[in-house]
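All of the numbers you see were taken from the coordinates with simple rules; none came from a lab. Please read all numbers here as calculations on a predicted model, not as lab measurements. So basically every Cβ, Gly included, is an ideal-geometry build from the backbone, and we count neighbours across all protein chains shown.
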């Protein structure tokens with residue numbers, strides 16, 4: 001079984017899709033009446049590729065799911081989309097850069113949590 005076949009979460013698409021800028025820009029804009037639907041579409045489109053990226057970094061299935069969920073939660077709560085700019089390249093590049101930073105922060109935070117216990 002290859003990573004990605006081990007979960008139905010995120011649908012069947014394993015690759016990063018072409019950027020749908022109308023969706024990204026609607027998700028970014030707090031005043032957009034379509035923001036909620038756009039955010040849902042982005043998460044549905046990118047959850048599986050993000051999960052697979054995490055798994056390819058050596059994480060097991062449950063850790064991969066937890067990190068993917070945590071990443072999308074942080075993306076929404078910290079409003080990372082405010083930094084997306086269409087003229088600066090592909091959305092997947094932005095997403096992967098944000099994911100790498102998130103994973104580095106999680107890596108740094110995990111030993112600190114274990115030291116407290």
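Of all residues in the stretch 45-73, which are crowded, with 18+ Cβ neighbours inside 10 Å and outside any helix (DSSP H, G or I)?
Matches in the stretch 45-73: 59 only.
Filter the stretch 36-78 down to residues that are out of contact with any helix residue (DSSP H, G or I) (no Cβ under 9 Å at 6 or more places or on another chain) and touching a residue at least 24 places away in the same chain (Cβ under 8 Å) and give me whichever is nearest to residue 101 (Cα to Cα).
56
I'd like the full set of residues that are touching a residue at least 60 places away in the same chain (Cβ under 8 Å), surrounded by 18 or more Cβ atoms within 10 Å (Cβ to Cβ) and part of a helix (DSSP H, G or I), limited to the stretch 79-91.
Within the stretch 79-91, 91 is the sole residue that qualifies.
The conditions are (1) surrounded by fewer than 20 Cβ atoms within 10 Å (Cβ to Cβ); (2) more than 22 Å from residue 18 (Cα to Cα), and residue 41 fails exactly one of them. Which is it?
If we test residue 41 against (1) surrounded by fewer than 20 Cβ atoms within 10 Å (Cβ to Cβ); (2) more than 22 Å from residue 18 (Cα to Cα), just (2) comes out false.
If we scan the stretch 103-115, do we find a residue that is buried (at least 19 other Cβ atoms within 10 Å of the Cβ) and either assigned to a loop (DSSP other than H, G, I, E, B) or touching a helix residue (DSSP H, G or I) at 6+ places or on another chain (Cβ under 9 Å) (or both)?
Taking the stretch 103-115 as the starting set, the residues that turn out to be buried (at least 19 other Cβ atoms within 10 Å of the Cβ) are none.
For the stretch 103-115, residues buried (at least 19 other Cβ atoms within 10 Å of the Cβ) and either assigned to a loop (DSSP other than H, G, I, E, B) or touching a helix residue (DSSP H, G or I) at 6+ places or on another chain (Cβ under 9 Å) (or both): absent.
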